[in-house]
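Taking it in order: structure first as structure tokens, then the write-up.
The values are calculated or read from the model by the stated rules, or taken from the named source; none is laboratory data. As the structure is a computational prediction, the values presented were derived from the model and not from experiment. Glycine also receives a Cβ, built like all others from the backbone with ideal geometry; neighbour counts cover every protein chain displayed. The area values use the complete protein model at the heavy-atom level, side chains included, leaving out ligands, DNA and RNA. Shrake-Rupley method; radii C 1.70, N 1.55, O 1.52, S 1.80 Å.
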Amino acid sequence: MPLSIMGKLIFITGTDTDVGKTYITGLIGRSLLARDKNVITMKPLQTGSSGISEDIITHRKIMGIDLHRFDLDGITNPYNFPFPASPHLSARISKVEIDIKKIKNNISHLSKNFDYVIIEGAGGLIVPITGKYTIVDLISDLRLPVIVVTTPKIGTLNHTFLSLEFLKNRKVDVLSVIYNNYTNKEDEITLDNIMTMKYFYPEIPFIETKDIERVVDIIEKDNRLLFQF
């Protein structure tokens with residue numbers, strides 16, 4: 001039976017862990033709320049946390065709202081493991097079997113209650129969830145459009161290009177790449193990174209921001225309209 005999806009879904013992934021996915025997710029949620037949109041964020045898989053997902057709590061703080069009943073019920077975060085590792089390992093250590101169907105059903109449930117569901121991934125694209133099933137398999141199965149977050153970390157060109165090529169191979173729609181220049185550097189390497197990304201993938205909107213709080217303003221002003229609010 002096909003999954004029933006009603007609201008607009010956007011998946012936030014990254015080229016690595018700690019690249020700013022959580023803040024980008026919360027900021028997009030906040031921007032949609034400011035436009036009187038019915039929106040919620042989701043973190044299907046959280047590790048290195050316990051109780052209510054730390055990332056969900058951060059989303060709500062950024063959005064300026066209290067925890068939702070779907071947060072308290074575990075709908076927005078069906079799996080949360082204390083051991084900080086890939087979900088498949090964290091689940092094994094916690095002696096829990098991750099049910100992909102449960103994750104998909106929670107996404108479907110949220111999509112029936114909200115116009116927008118902004119989903120934050122765990123780590124990068126090829127992170128195992130269970131067995132050989134990865135984050136990108138979930139994205140591909142649900143045909144989710146993706147925003148890729150990257151940073152000036154060493155190796156960013158390789159990581160970004162590998163991510164984009166893999167998404168292209170899986171026929172995933174990339175809405176944009178957000179270059180989170182949290183270091184505020186303007187050295188030769190940093191400047192060349194964004195120029196090279198644009199050169200290799202001119203069809204994808206690349207957004208550089210030194211102030212993560214302004215990223216949504218930049219997205220909205222992009223003349224190619226990354227997504228309709």
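Go through K102/K171; K43/K102; K168/K198; K171/K198; K101/K132; K8/K112 and tell me which ones have a Cα-Cα distance over 18 Å in this structure. Over 18 Å Cα-Cα: K102/K171; K171/K198. Summing Lys and Arg as +1 and Asp and Glu as -1 over all other residues whose Cβ lies under 9 Å from the Cβ of P145 gives a net charge of +1.
For the Cα trace of the chain, dividing Rg by the Kirkwood Rh returns an Rg/Rh value of 0.94. Positive contributions from Lys and Arg (+1) and negative ones from Asp and Glu (-1), summed over other residues with Cβ under 14 Å from the Cβ of T130, come out at +2. Legend: calculated FRET efficiency, L162 to D187, from the Cβ-Cβ distance at R0 = 30 Å, rounded to 0.05, equals 0.80.
For the chain, adding -39500 (n - 2.57) for each run of n ≥ 4 DSSP H residues and dividing by the number of residues yields -11500 deg cm²/dmol at 222 nm. For the set K168, K37, the ranking by accessible area, highest first and with no ligand, DNA or RNA atoms included, is K168, K37 under a 1.4 Å probe.
Across the range 135-145, coupling constants 3J(HN,Hα) worked out from phi with the 6.51/-1.76/1.60 Karplus curve, θ = phi - 60°, read 4, 5, 5, 5, 4, 5, 4, 8, 6, 8, x Hz, and Gly and Pro carry x. Helix 156-169 versus the longest principal axis of the chain: what angle, 0 to 90°, nearest 10, using Cα atoms? In the chain, helix 156-169 runs at an angle near 60 degrees to the longest axis. Taking 0.36 nm per residue of sequence separation and removing the Cα-Cα distance, the L67/V96 pair yields an extension gain of 7.9 nm.
To the nearest µm²/s, what D does Stokes-Einstein give for the range 63-186 at 25 °C and 0.890 mPa s, using the Kirkwood radius over alpha carbon pairs as Rh?
In µm²/s, the coefficient rounds to 150.
When each of the peptides 187-197, 137-147 is scored by how many other beta carbons lie within 10 Å of its residues on average, the order from highest to lowest is 137-147, 187-197.
Find out how many positive minus negative residues lie around T41, taking Lys and Arg as positive, Asp and Glu as negative, among other residues whose Cβ is under 12 Å from that of T41.
That sum, taken over residues with Cβ under 12 Å, equals +2.
One Cα centroid belongs to the range 4-43, the other to the range 61-134; the line between them spans 13 Å.
Any chance you could run the full-extension gain for E203 through F83? It's 0.36 nm times the residue separation minus the Cα-Cα distance, nm to one decimal.
39.3 nm
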